[in-house]
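Below you'll find the structure, written out as structure tokens, and then a few comments.
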Amino acid sequence: MIDFDDVTFRYQPGGQAVLDRVDLHLDEGELCLVVGETGSGKSTLLRAINGLVPHFTGGELSGRVTVAGRNTRDFPPRELADVVGVVLQDPMSGFVTDMVEDELAYGMESLGLPRDAMRKRVEETLDLMGLAELRNRPLLSLSGGQRQRVAIGSVLTAHPQVIVLDEPTSALDPGAAEEVLAALQRLVHDLGMTVVLAEHRLERVVQYADRVVVLESSGTPDTGTPAAMMALSPVAPPVVQLGRLAGWSPLPVSVRDARRLARNLRADLARVAPAPDSLARPGAAAQPESQLPPAAVPAPRTGLLRRRASRAATRAETRPAPVLQCRRVTLSYGPVPALVDASLQLQAGSVVALMGRNGAGKSTLLKAAVGLLKPVTGEVRVAGHDPAGLRGVDLLRQVGFVPQEPADVLCEDSVRAECRAADTDSRLAAGTTAALLAEISPEVSLDAHPGDLSEGQRLSLVLALMLAPAPPLLLLDEPTRGLDYGSKARLVTVLRRLAHAGTAVLMATHDVELVAEVADRVVILADGEVVADGPTREIVTASPIFAPQVAKIMAPEPWLTVDDVAAAMAVAQ
Amino acid sequence: MTTTAVRKPPTGVGVRGRWLHPVAWWLWALGLATAASRTTNPALLILIVVVAGTVVAARRPQAPWSRSFGVFLRLGLIIVAIRVVFQVVFGLPQGTTVLVTLPTVDLPDWLAGVRLGGSITAESLVFALYDGLRLATVLACLGAASSLASPYRLLKAMPAALYEVGVSVVVALSFAPALVTDLQRVRTARRLRGRPTSGIRGLTGSAMPVFSGALDRSIALAAAMDSRGYGRMADLSPRDRRITAALVLGGLLGTCLGLYVLLDGSIAAPAGLPVFLLGLAAALLGLLRGGRRNTRTRYRPDPWRTPEWITAASGCAAAAAAVVQGIVDPSALNPAVTPMTWPQVPIIAVVGTLIALLPAWLTPEPPGIVRSGSASDTSTTSPETGVAV
């Protein structure tokens with residue numbers, strides 16, 4: 001169905017090859033998962049399938065890409081619209097019309113289908129994607145998962161044989177992601193469609209894949225079954241890591257397989273399982289510093305940790321009050337209540353995860369905590385101050401905020417200039433921010449343009465900018481969106497160190513694995529209300545949607561992460 | 001965001017209504033605008049704004065573009081203010097009721113016709129007010145049309161040959177709200193970094209990220225449209241294309257010329273009519289020919305039924321009544337300012353304008369929009385650009 005024959009692609013003639021002699025052959029009815037770090041050419045590979053590469057992007061493509069017998073060299077994307085449907089990363093930016101039903105029909109109108117055929121297909125697609133109740137809704141009013149389903153539906157109506165998706169679930173909460181993946185699986189199984197998708201969150205998709213393509217940064221892919229590829233892949237979801245740790249064969253890729261294999265492991269470890277409440281979370285302040293990866297912690301002459309720790313200590317002595325205090329906060333956008341009587345407290349050194357559906361009010365709560373929104377009733381205090389009244393350096397010294405799109409806060413044309421500007425803004429000695437950045441992410445070049453950094457590097461840069469004035473509170477909005485596993489691991493390290501040094505961290509996230517790794521408390525919001533607030537283990541194991549993979553495999557034993565299990569195995573021996 | 005009352009959203013899922021044909025709304029609004037352009041009677045002008053506002057309040061769908069009426073109203077107020085200020089600064093005095101006398105600025109000889117300052121009379125102020133009000137009312141009518149008729153549906157009703165031009169217009173339209181969202185996001189981000197968000201520095205600092213964001217989005221949109229078959233064409237010979245282009249351009253030029261002559265009372269109308277009709281015919285022929293290149297089909301085109309006829313006719317009635325009033329009793333349409341008199345009620349025009357109120361009841365409601373599933377968590381839906389729920 002899709003054939004790449006010896007395909008090499010460069011954006012600039014003579015430049016570095018993004019795809020290097022790729023040979024790839026995908027059959028009908030296959031769900032193919034493309035895996036790789038940021039910058040390994042995933043998006044390029046996906047866009048080459050319908051000819052956006054090179055017709056739209058320019059660049060130099062050698063070799064041959066054929067889809068359903070059509071060579072993309074001779075057929076531009078619009079002439080392939082009836083065989084390949086493409087859903088790009090942000091569905092909203094690809095919508096051409098404003099209503100659900102019109103959006104579904106748009107592709108068919110372009111293809112010139114007769115009217116009654118269009119009517120029929122729109123109705124079918126509304127049912128297939130579960131959109132019937134949304135047909136008259138404006139696209140702007142839909143939630144993230146609904147938008148993603150409309151985007152998929154809108155390419156489906158053209159009855160393509162291939163669907164290509166770039167990170168379809170990265171912006172979605174776990175429930176909405178399941179919804180989208182279930183719909184995709186139905187297309188593969190019931191209609192025999194070929195689906196190619198790229199996704200960083202392997203734990204969500206790898207069990208659905210028939211085939212996995214691993215792209216190395218060299219541009220040459222390896223392909224194979226999920227189990228075979230996961231055995232080799234440097235990045236793997238927790239279920240695979242656990243399988244490797246326990247030496248299971250064949251390597252499980254789904255929770256179901258792993259659970260069957262884990263019977264003995266559970267029995268072995270049951271006797272060393274601690275009482276649930278005595279198990280310290282990794283992020284808790286009790287953790288000894290020796291567990292931190294030593295390479296990432298140079299002697300902190302710049303004093304991030306030392307200064308932080310001493311600040312935290314004095315704070316703890318003189319002011320036992322919580323770092324963040326939200327008391328019965330109510331906030332609304334026009335007639336829509338966004339937060340209803342939400343109360344929340346954060347102590348120094350704690351890492352709290354804010355979870356809940358898209359639109360549950362997570363971002364709103366963060367914005368209230370940094371003073372961007374003023375509560376209608378109730379009050380917000382950050383280290384005793386009302387954040388809405390803080391400006392400039394006073395704000396920077398109290399709270400750091402990493403927005404969903406880290407690039408938003410970047411406005412200079414080099415990393416060096418950003419760091420210098422941050423020093424001036426927060427009245428720090430020149431070089432403080434750059435030194436901190438070197439500590440967090442040593443490989444970021446100071447001369448690079450912020451726009452050329454990878455997602456993970458950009459996040460590191462923004463973290464450095466926000467942490468330079470050593471605020472007692474750090475807020476993060478969806479920090480792992482679009483991050484590969486390497487960058488995520490580094491984020492986890494940074495957050496643990498911060499917590500250890502006494503900074504309070506509040507993050508809104510959909511990433512249950514991240515929560516299992518670093519959070520010591522989880523707060524769940526639904527329709528603007530706090531519906532649950534408690535220790536991570538208690539909250540995430542209470543509902544299958546929020547449970548990390550290891551917890552699902554090891555239940556009823558209390559471990560949440562692969563590291564937990566590894567530690568327990570060490571004890572058992 | 002408008003000053004008019006907001007219709008209570010229908011309850012229940014999937015409340016069905018029907019979109020009135022966008023062309024009907026535009027004919028209605030143009031009729032009202034024509035009526036407004038014929039008069040400086042403030043009573044009639046305000047009545048026209050009220051009629052337009054009432055219909056907007058009753059039949060406005062809940063979509064981002066449907067908030068433009070309020071924007072146009074505000075724009076109208078600004079225009080009235082500018083008109084009055086210009087009158088004060090540059091205008092020649094009319095009448096004798098001097099209110100204030102400003103110092104006159106002596107200008108060089110070659111600017112003999114222009115005057116700065118001098119005495120300001122009540123008559124000239126009233127005249128300027130009326131004049132500004134007329135322009136503001138015309139704008140309000142256009143604003144009413146743009147908040148009642150979806151630009152996307154108007155695009156569907158466009159002749160196939162104009163489709164591609166139309167798409168760029170619509171994309172540009174959808175760009176404005178996105179730009180506003182972006183600007184807010186960037187200003188927020190600037191505050192987070194302790195930077196000024198207002199003033200020159202705030203503005204220049206925000207401009208770059210906003211524009212680069214807009215550029216990224218337009219590239220993404222172009223890629224998505226291309227992938228979905230936008231721009232698939234049937235082959236036509238170059239000669240065919242040239243003939244089509246000539247017909248369309250020549251025709252449109254003729255239409256505009258004819259229309260100008262027709263609407264401008266000072267030139268003899270009979271000369272305008274044939275030019276107008278001829279131009280229109282040429283343009284239509286060109287569009288029909290051009291449409292052959294386009295292989296697009298249309299999904300559920302809006303039907304033209306009785307409500308559409310009523311709407312279009314009621315707008316035309318308002319225009320016609322104003323024209324008739326102008327023939328029967330022109331003084332009521334343009335109340336004298338020197339000497340100042342209370343404006344009379346132009347009875348025919350008022351009745352005509354009131355007829356234009358009918359669509360508020362005689363048209364189907366737009367399809368009901370139920371409470372949205374997402375509030376504001378996603379970056380694309382902000383309280384400002386998101387749909388009211």
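The values are calculated or read from the model by the stated rules, or taken from the named source; none is laboratory data. As the structure is a computational prediction, the values presented were derived from the model and not from experiment. Here the Cβ is made from the backbone with ideal geometry for all residues, glycine too, and neighbour counts use every protein chain on show.
With respect to the numbered conditions (1) within 11 Å of chain B (Cβ to nearest Cβ); (2) touching a helix residue (DSSP H, G or I) at 6+ places or on another chain (Cβ under 7 Å); (3) of a type in the set (A, V, I, L, M, F, W, C), which one is the sole condition not fulfilled by A:Ala117?
(2)
Which condition number in (1) over 30 Å from A:Ser110 (Cα atoms); (2) within 9 Å of chain A (Cβ to nearest Cβ) is the one that B:Thr137 fails?
(2)
Would you check which residues across the range B:139-170 are of a type in the set (D, E, K, R) and surrounded by fewer than 19 Cβ atoms within 10 Å (Cβ to Cβ) and list them?
B:Glu164
Looking at B:Lys156 and the list (1) within 11 Å of chain A (Cβ to nearest Cβ); (2) in a helix (DSSP H, G or I); (3) in contact with a Leu (Cβ under 8 Å, 6 or more places away or on another chain), which single condition is not satisfied?
(3)
If we keep just the residues of the range A:388-402 that are of a type outside the set (A, V, I, L, M) and surrounded by fewer than 24 Cβ atoms within 10 Å (Cβ to Cβ), which is nearest to the other protein chains (Cβ to nearest Cβ)?
A:Gly392
So, A:Thr157, is that one of a type outside the set (Asp, Glu), crowded, with 22+ Cβ neighbours inside 10 Å and more than 12 Å from chain B (Cβ to nearest Cβ) or not?
No: the conditions fail for A:Thr157.
Considering only residues of the range A:9-46 that are in contact (Cβ under 8 Å) with a residue 40 or more places away in the chain and within 14 Å of chain B (Cβ to nearest Cβ), which is farthest from the chain's Cα centre (by Cα)?
Only one residue fits best here, namely A:Leu46.
Say whether the condition of being outside the structural domain of A:Leu514 (by TED's automatic domain parsing), at pLDDT below 85 and basic (Lys, Arg) is met by at least one residue in the range A:252-262.
There is no residue in the range A:252-262 that is outside the structural domain of A:Leu514 (by TED's automatic domain parsing), at pLDDT below 85 and basic (Lys, Arg).
Run A:Gly378 past the list (1) more than 11 Å from chain B (Cβ to nearest Cβ); (2) farther than 17 Å from A:Pro472 by Cα; (3) in contact with a His (Cβ under 8 Å, 6 or more places away or on another chain) and report the number of the one that doesn't hold.
All conditions pass for A:Gly378, except number (3).
Name the residues in the range A:499-534 that are within 14 Å of another protein chain (Cβ to nearest Cβ) and hydroxyl-bearing (Ser, Thr, Tyr), would you?
A:Thr509
Which ones in the range B:140-153 are small (Gly, Ala, Ser), within 14 Å of chain A (Cβ to nearest Cβ) and not in a loop (DSSP other than H, G, I, E, B)?
Correct list: B:Ser146, B:Ser147.
Within the range A:418-436, restricting attention to residues that are touching a Pro at 6+ places or on another chain (Cβ under 7 Å) and not polar (S, T, N, Q), which residue is farthest from the other protein chains (Cβ to nearest Cβ)?
Taking the candidates together, the pick is A:Leu428.
What are the pairs, 6+ residues apart or on separate chains, where a residue within the range A:130-154 that is facing another protein chain (nearest Cβ under 8 Å) has its Cβ under 9 Å from a residue that is basic (Lys, Arg) and not in a loop (DSSP other than H, G, I, E, B)?
So the pair list comes out as A:Leu142/A:Arg149.
Could you pull out the residue among A:Val195, A:Val122 that is more than 18 Å from A:Val83 (Cβ to Cβ), β-branched (Val, Ile, Thr) and either out of contact with any Gly (no Cβ under 6 Å at 6 or more places or on another chain) or crowded, with 24+ Cβ neighbours inside 10 Å (or both)?
Going through A:Val195, A:Val122 in turn, just one is more than 18 Å from A:Val83 (Cβ to Cβ), β-branched (Val, Ile, Thr) and either out of contact with any Gly (no Cβ under 6 Å at 6 or more places or on another chain) or crowded, with 24+ Cβ neighbours inside 10 Å (or both): A:Val122.
Would you confirm whether or not the range A:368-375 contains a residue that is at pLDDT 90 or above, at the interface with another protein chain (Cβ under 8 Å from one of its Cβ atoms) and buried (at least 20 other Cβ atoms within 10 Å of the Cβ)?
Yes, the range A:368-375 contains a residue that is at pLDDT 90 or above, at the interface with another protein chain (Cβ under 8 Å from one of its Cβ atoms) and buried (at least 20 other Cβ atoms within 10 Å of the Cβ).
Among the residues of the range A:403-417, how many are more than 8 Å from chain B (Cβ to nearest Cβ) and free of Cβ contacts under 8 Å to residues at least 40 places away in the same chain?
Summing the residues that are more than 8 Å from chain B (Cβ to nearest Cβ) and free of Cβ contacts under 8 Å to residues at least 40 places away in the same chain in the range A:403-417 gives 5.
Has the range A:79-97 got any residue that is on the phi > 0 side of the Ramachandran plot and within 12 Å of another protein chain (Cβ to nearest Cβ)?
No, every residue in the range A:79-97 fails to be on the phi > 0 side of the Ramachandran plot and within 12 Å of another protein chain (Cβ to nearest Cβ).
Of the residues B:Leu284, B:Leu288, B:Leu362, B:Leu354, which is more than 22 Å from the chain's Cα centre (by Cα), among the hydrophobic types (A, V, I, L, M, F, W, C) and at pLDDT 90 or above?
Checking each option against the conditions leaves just B:Leu362.
Could you run through the range A:98-114 and say how many residues are more than 7 Å from chain B (Cβ to nearest Cβ) and out of contact with any helix residue (DSSP H, G or I) (no Cβ under 9 Å at 6 or more places or on another chain)?
0
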